[in-house]
1. Can you name the residue in region A:371-392 that is crowded, with 21+ Cβ neighbours inside 10 Å and polar (S, T, N, Q) and, of all such residues, is nearest to B:Gln279 (Cα to Cα)?
2. Limited to region B:56-80, what total is found for residues that are in contact with a Phe, Trp or Tyr (Cβ under 7 Å, 6 or more places away or on another chain) and of a type outside the set (A, V, I, L, M, F, W, C)?
3. Output the residues belonging to region A:357-399 that are within 14 Å of chain B (Cβ to nearest Cβ) and not small (Gly, Ala, Ser).
4. Looking at region B:5-16, is at least one residue modelled with pLDDT under 80 and either within 11 Å of chain A (Cβ to nearest Cβ) or under 35 Å from the mean Cα position of the chain (by Cα) (or both)?
5. Could you tell me which of the residues A:Thr281, A:Thr349 is of a type in the set (Ser, Thr, Tyr) and on the phi > 0 side of the Ramachandran plot?
6. Being touching a Gly at 6+ places or on another chain (Cβ under 9 Å), more than 14 Å from chain A (Cβ to nearest Cβ) and not hydrophobic (A, V, I, L, M, F, W, C) is the filter here, so list the residues in region B:233-284 that pass it.
7. Of the conditions (1) within 26 Å of the chain's Cα centre (by Cα); (2) outside the structural domain of B:Phe247 (by TED's automatic domain parsing), B:Arg64 satisfies every one except a single condition; which number is it?
8. Determine whether region A:141-159 contains at least one residue that is assigned by TED's automatic domain parsing to the domain that holds A:Asp302 and in a helix (DSSP H, G or I).
Amino acid sequence: MISRTIKRLAATILVAATPLALAACAKGGSSASSDSAGGGTLTMWTHNAGNKNELASIQKIVTDFNGSQTKYKVDVQAFPQDSYNQSVVAAAAAKKLPCILDIDGPNVPNWAWAGYLAPLEGMDDTLSKFLPSTVGKYQDKIYSYGYYDVALTIVSRKSVLKKYGVRIPTIEQPWTAEEFDAALKKIRDSGDFDYPLDIATSFTGEWWPYAYSPMLQSFGGDLINRTDYKSAQGVLNGPEALNWATWFRSLVTEKYVPLKSGADPAKDFMNGKSAMLYNGTWTAVDTRKKFGDDVVFLPPADFGKGPKIGGGSWQWGISQNCSDAAGAMEYMKFAAQDKYVAGVAEATTNIPTTDAAAAQVKGYEPGGENDVFREFTKTFAVVRPETPGYPFIATEFTKTAQDILNGADPQKALDQAVKNIDANQESNNYFE
Amino acid sequence: MSSTTYKPPVTAQVAEKTLHKPKSAGRSPGTVALLMLLPAGVLMITFLIIPIGLTFVLAFTNARLISPEPAHFIGLDNFSRLFGNDTFWKSLRNTVIFAVVIVPFQSALALGLALLVNVKMRGVNFFRTVYFLPVVTSMVVVSMLWLFLYQPNGLINAVLAKFGIQGPDWLGNPSTALFAIIVMSAWQAVGFHMVIWLSGLQTIPGELYEAASLDGASPVQQFLHVTWPGLRQTFIFILITITIAAFSLFTQINIMTQGGPLDSTSTVVFQAVRTGFAQQQTGYAAAISLVFFVIVLAVSLLQRYLTREKEAGR
């Protein structure tokens, strides 16, 4: 009796479950489809499902493109940023990549090497007007372009700097290392702030190499030797890098910066806990609202090789297993127009990549209040190393910088990072 | 006498069976058992057996998460690299410390709570619920909350300051970070083991306590000679489940410290996940997992052996 009931139950469950499983398979299989003989649907993936404004600005380009011709139809699928990279890697493994996709700048060489991305042909002229940090290159080929970049800056207040007699630095005359340290010391000794500077150590992930490797580069070190991208020996553990590490640790031991920042360092700055804030230009909107004209956005200090800031944000490319590469290329060319650069940059409040677009975005026109950010990017930006080994280098640098900040022996920590990075480059046959 | 009362039911059962047999369409109980095994079996094979098998193969290759090159066999390279890696030994040491501290700490705390909520009084269900609440809260949420509690100017240090104690930066100091994680993990999981202890306590017959008190046993003697022997099976279950949970320590680390500061909270599972996903070294991560598998297997076998030995002696 009982066994019969269970058997029936099992059968029912099986029958009920089968369509579900089939439906799941069917859904997975339909992501990148395109009719033969040119034309059809081009699937497009983007990471900005959580960013309403950016998604809307991309959607507008797609709508315009779909309306401008009848051959192709681009279909946008938005993903949340946290799971976007995993989705792309999984789709690549299953050979189900979409035709058009966006990529975080530093990942471009890795994905190009892995065969995810196809080079963008015939766009050299258009892209020569783009800021170099917004064009993704690998082995002399262009694989992606972005509409905007973000700059790093030291946010402070004129009134505060004036009170402590600190000179307001300019692009032509940034702070020297000594000036910067003297300013930090003076503000710390006054006791008016919890900390003179906040470098946002509570941020995780890509922030660490993005924000702190430019400091290393300003000292004269780097993440890897960029002549052949084979080894980090001498650049990440040489005397310049050691100077950076010693200085970086001294920020904490001298009580210039908190070892671990609060959850929202910009809020701490606006509440008067810190006198200066090292952050991306995304803080401009809120800090201006709070302090009005008093707020200033300063270039980072020059530690010997000039001020440096990170470059490269989200960019767009086409995948190698797109069945209609011509259509995808057509979209890429269409979408690179200045009005779309302006539209996306405005929606994200980031730095537009072309001069013509900058003229159209409020604040970024020459002499506008945000023009200085564009100047920072033009003058100081260093892209992260263009090697497929970069994602590994990023994790190693993050861990090493955290260990140094926490008091690890600088030389030993840097040597270990070099050893690991070199071993990884070598085990991949230097990505040749 | 026993035979006469015993026989009729047997024949009745047989009769019933033969009556029902034609209806079940010739399927043997074996087929039914297989069918019932199928859903669990498919899931186990897909998500457990195949990945474990793959680990054994991948650990000896240079497979990568993202690579245009096919993986090839590299012998024991991954293992020699692993055993020469300081972070691995630190992770292993942290994992062992975590397990060695939390197993007695958490099981004793759970037993204490179970004894407290085992009394018969009004409102005891309220306390049972309160102690159990952290268990039904997601570990991610609990970790985020304790992240705030442990901040240098967080709630815990504010309370300590009331007593004139200057609290440390719990998670930012290499000498307190692992301890802080242990306390928080025990707080989260203790309610679950309290319930297990409680169920064990309630299987001990009340007559035993009555007899003991008639014989003049003190509460301490009652606990040592009635309660504790009665909880033996529960104890073994709790020991094994806490140990396994302790070895797989990952979520708290990933959210609260990312293995830092200075590797003081890095664990073997955390290292494997970081190596396999953030650093894209699938083969190397498989080697870490394989070593971890061997360690957990050895500990489980040892525990089984020790607990079985005592059982035979009793």
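1. A:Thr387
2. Looking only at that region, the number is 4.
3. A:Thr387, A:Pro388, A:Tyr390, A:Pro391, A:Phe392, A:Ile393, A:Thr395, A:Glu396, A:Phe397, A:Thr398, A:Lys399 - these are the residues of region A:357-399 that are within 14 Å of chain B (Cβ to nearest Cβ) and not small (Gly, Ala, Ser).
4. Yes, region B:5-16 has at least one match.
5. Of A:Thr281, A:Thr349, the one residue that is of a type in the set (Ser, Thr, Tyr) and on the phi > 0 side of the Ramachandran plot is A:Thr349.
6. Answer for region B:233-284, where residues must be touching a Gly at 6+ places or on another chain (Cβ under 9 Å), more than 14 Å from chain A (Cβ to nearest Cβ) and not hydrophobic (A, V, I, L, M, F, W, C): B:Gln233, B:Thr234, B:Thr267.
7. Here B:Arg64 meets the rest and fails (1).
8. Looking for residues that are assigned by TED's automatic domain parsing to the domain that holds A:Asp302 and in a helix (DSSP H, G or I), one finds at least one in region A:141-159, hence yes.
The values are calculated or read from the model by the stated rules, or taken from the named source; none is laboratory data. This structure is a prediction, so every number in the text was calculated from the model and none was measured. Here Cβ is always computed from backbone atoms with ideal geometry, including for glycine, and neighbour counts include all displayed protein chains.
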